[in-house]
1. Could you list the square roots of 5 times each eigenvalue of the Cα gyration tensor of the range 13-61, that is, the equivalent ellipsoid semi-axes, sorted largest first and rounded to whole Å?
2. Compute the label zone of V65 within the range 10-52: residues whose backbone N is under 13 Å from the point 7 Å along Cα-to-Cβ.
3. Considering only protein heavy atoms and a 1.4 Å probe, what is the carbon-and-sulfur percentage of the accessible area of the range 40-90?
4. Rank V75, V53 by accessible area, highest first, at a 1.4 Å probe radius?
5. If you stretched the chain out fully between A10 and R124, how much longer would it get, using 0.36 nm times the residue separation minus the C-alpha to C-alpha distance?
6. Going by a ≥ b ≥ c, the root eigenvalues of the Cα gyration tensor, does the range 1-82 fall in the rounded group (a/c under 1.5), the prolate group (a/b larger than b/c) or the oblate group?
7. Using 0.36 nm times the number of residues separating E54 and L109, minus their current alpha carbon distance, what extension gain do you get?
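The values are calculated or read from the model by the stated rules, or taken from the named source; none is laboratory data. None of the values given here were measured: they were computed from a predicted structure. Cβ atoms come from the backbone with ideal geometry, glycine included; neighbour counts cover every protein chain shown. Accessible surface areas use protein heavy atoms only, side chains included; no ligands, DNA or RNA. Shrake-Rupley method; radii C 1.70, N 1.55, O 1.52, S 1.80 Å.
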Amino acid sequence: MPDASAWRLALPHTAAAVPMARALVRTALTDTGPHADRDTAELLTAELVANAVEHTTAGAPIELVVRTRADGCRVEVHDGDPRPPGELTARPHEEHPDPWQEHGRGLMLLRALSSACGHRPTERGKAVWFTLPAAAAAVRPRGGRPERPV
């Protein structure tokens, strides 16, 4: 299915990349439709960008690509490290991460909240991605305000 819209942003290899990435996702999903869940898209994007900043060589380029489609969105974070990220597929024997630990929850959130996720090699490293379906449209009763479906 062709993209309705594609957004790209080169990110700094610093903590400032996370709010920049969240802002781009929020803008992309607000300006186009149908909309995927912006809060979930922002959260998962923040996790991927934070991982790229933390686990790749300082100064290496990081790029965010957001593609909005009729059926939802796909978000990719490109970095210069060809090594695959931690396990993106659920494992039957997987233990739940300790909620008090600072690390270990990002990929679990990605698996749990996205409709699909993965990684692929690129010419300069890898892209880690997730997709979200289009959110249900608001229902507008006759003469009333929009209501969210239950």
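1. The equivalent ellipsoid of the range 13-61 has semi-axes of 24, 10, 7 Å.
2. Inside the label zone: 10.
3. Roughly 54 percent of what the probe reaches on the range 40-90 is carbon or sulfur.
4. Ranking V75, V53 by accessible area, largest first, yields V53, V75.
5. Computed gain between A10 and R124 is 39.7 nm.
6. Prolate, since a/c reaches 1.5 and a/b exceeds b/c.
7. Using 0.36 nm per residue and subtracting the Cα-Cα distance, I get 18.1 nm.
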